[in-house]
Each structure stands twice: as C-alpha cells, then as structure tokens.
C-alpha cells in the first residue's frame, strides 16, 4: 500500500509540473515590439502562384524550419516555443494575415531577435515565396 501511495504521489507531481509548464509559463511571456520593415519589403510582390505545387514545397519548408517553434497549425505552440523569451503570435490572427507578402517575407526570411535569419537555409527565392504561400493557408 505504501508503494502504491509513493507511485501515486510521484505521478501527481509529474502531472502538476507538466500542467504548470503547459499553462503557466507561456502566459508569462511578453509580446515582441513592432517590426521595423524596410520600405523595399513593404511593396515586394510574391512571384510564385499559390498552386498545389507551391503549397507542397511551402509545407515541407514549414515542417523543416518553422514547425518546432510555430507548431503544426501556426499557433505558436511548437515544442521550442516554451524556451523563447517572447510569445509567438499565431498565424491565424487577422493582424498577421493582413500583412503584405513582402512584410511576411521579411519577418520569415530575414527575421530578428529570436526569429532566426533563413537566407542561408532557404536559398532559392521561389522556395521562400512558396513558404509565404503556405503561411497564408494557416488561417
């Protein structure tokens, strides 16, 4: 009986810790400040059609480079998100989706602070735009 109580107590502590990590910590994160987007990016146009081929490439790149922080559905809940100092805003919000393709390009490829630069990881310009096309599907 004592062994059962110890196991139950241990499992209870693990569960309590997991709940704390899942709910308490993300709420304590601060939002990042406004992005300073250079003028050339604000007016940049996506050069790739958002067809099935583009979206397939974009999804593959998202899975490889973005999913670990941004999560499967772009909600900012990937496994690495907990280690970030700032909150990761979701891609399905109106404010994110209202940004121009060029602004999304700058944020996603150039980055800043905890958002890494992907210029040397996603070399092909068409692939970069395919990623932007895929981000648009995460509404």
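The values are calculated or read from the model by the stated rules, or taken from the named source; none is laboratory data. Because the structure is a prediction, the values reported are computed rather than measured. Ideal geometry is used to build each Cβ from the backbone, glycine not excepted, and the neighbour counts take in all protein chains shown.
How many residues, within region 116-139, are outside any helix (DSSP H, G or I) and touching a residue at least 60 places away in the same chain (Cβ under 8 Å)?
Matching residues across region 116-139 total 2.
Of all the listed residues (58, 74), the sole one being within 16 Å of the chain's Cα centre (by Cα), modelled with pLDDT of 85 or more and on the phi > 0 side of the Ramachandran plot is 74.
Which residues, counting only those in region 92-110, are part of a loop (DSSP other than H, G, I, E, B) and either touching a residue at least 24 places away in the same chain (Cβ under 8 Å) or surrounded by 14 or more Cβ atoms within 10 Å (Cβ to Cβ) (or both)?
92, 99, 100, listed by residue number.
Scanning region 45-65 for residues that are without any contact (Cβ under 8 Å) to a residue 60 or more places away in the chain and buried (at least 19 other Cβ atoms within 10 Å of the Cβ) yields a count of 0. Based on this model, can you work out whether residue 80 counts as in contact with a strand residue (DSSP E or B) (Cβ under 9 Å, 6 or more places away or on another chain), farther than 16 Å from residue 133 by Cβ and touching a residue at least 12 places away in the same chain (Cβ under 8 Å)? So residue 80 fails the test. Where helices (runs of 4 or more DSSP H) fall wholly inside region 38-91, the ranges with 3 or more residues that are out of contact with any helix residue (DSSP H, G or I) (no Cβ under 7 Å at 6 or more places or on another chain) are 52-65, 67-70.
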